[in-house]
Amino acid sequence: MGLLDSVLGGVMGGALGQGQGQAQGAGANAGLLAALLPVALSMINGQSSGGGLGSMLGNVLGGGQGAGALGGLGGLIGAFQKAGLGEHAASWVGTGENMPISADDVTKVLGHDTVAQVAQQAGVSHGDASAGLAALLPQLINHLTPNGQMPSGDQLQASLGDLLKNIGRG
């Protein structure tokens, strides 16, 4: 699966291997991340497919103006910057080591209601959703921004499409 394996492998060896993630087995972590990955990809994609969570996330990331305003990858990074976590987000795009974020940081950036909807769609608890996204987003953004550069729209769509196909959602 290439990129998918790399993203999940990076997460499994990284943030979820510390703290709260140690209490759960590696299989549980992989299952949690696999459940959250399609939701995280839709957040980065910033496009809605028929409303629902994708539309709501687009509005959150787009400042309430729809996915086209500041949605997608740039909007997600901007949301972290706005919340005072710009240095963290920049580390995910950059070529150095990724700075970790906490589950509380994810809830602060996305909002409690958004994390609750992510949890519902992924079939996990609110705490698992925020912790999983805290582990997944830095790795995912790092892999989608090769050589420390934001991808063009076409490059991002191709990468996201490949990931979605690899997880059977494309």
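The values are calculated or read from the model by the stated rules, or taken from the named source; none is laboratory data. Not measured: the values here are computed from a predicted model. Here the Cβ positions follow ideal geometry from the backbone for every residue, glycine too, while neighbour counts run over all protein chains shown.
Listed here are the residues, each with its yes/no results for (1) modelled with pLDDT under 80; (2) under 14 Å from residue 36 (Cβ atoms).
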position: 53; (1), (2): yes, yes
position: 66; (1), (2): yes, no
position: 70; (1), (2): yes, no
position: 79; (1), (2): no, no
position: 124; (1), (2): no, yes
position: 127; (1), (2): no, yes
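Considering only the range 112-155, how many residues are surrounded by fewer than 19 Cβ atoms within 10 Å (Cβ to Cβ) and either closer than 19 Å to residue 102 by Cβ or not polar (S, T, N, Q) (or both)? Residues that pass the stated criteria total 14. If you go through the range 92-111 and pick out every residue that is modelled with pLDDT of 95 or more, small (Gly, Ala, Ser) and either surrounded by fewer than 20 Cβ atoms within 10 Å (Cβ to Cβ) or not in a helix (DSSP H, G or I) (or both), you end up with 1. If you check residue 135 against the conditions, is it under 13 Å from the mean Cα position of the chain (by Cα) and either of a type in the set (Phe, Trp, Tyr) or outside any loop (DSSP other than H, G, I, E, B) (or both)? Considered against the rule, which asks whether it is under 13 Å from the mean Cα position of the chain (by Cα) and either of a type in the set (Phe, Trp, Tyr) or outside any loop (DSSP other than H, G, I, E, B) (or both), residue 135 comes out as yes.
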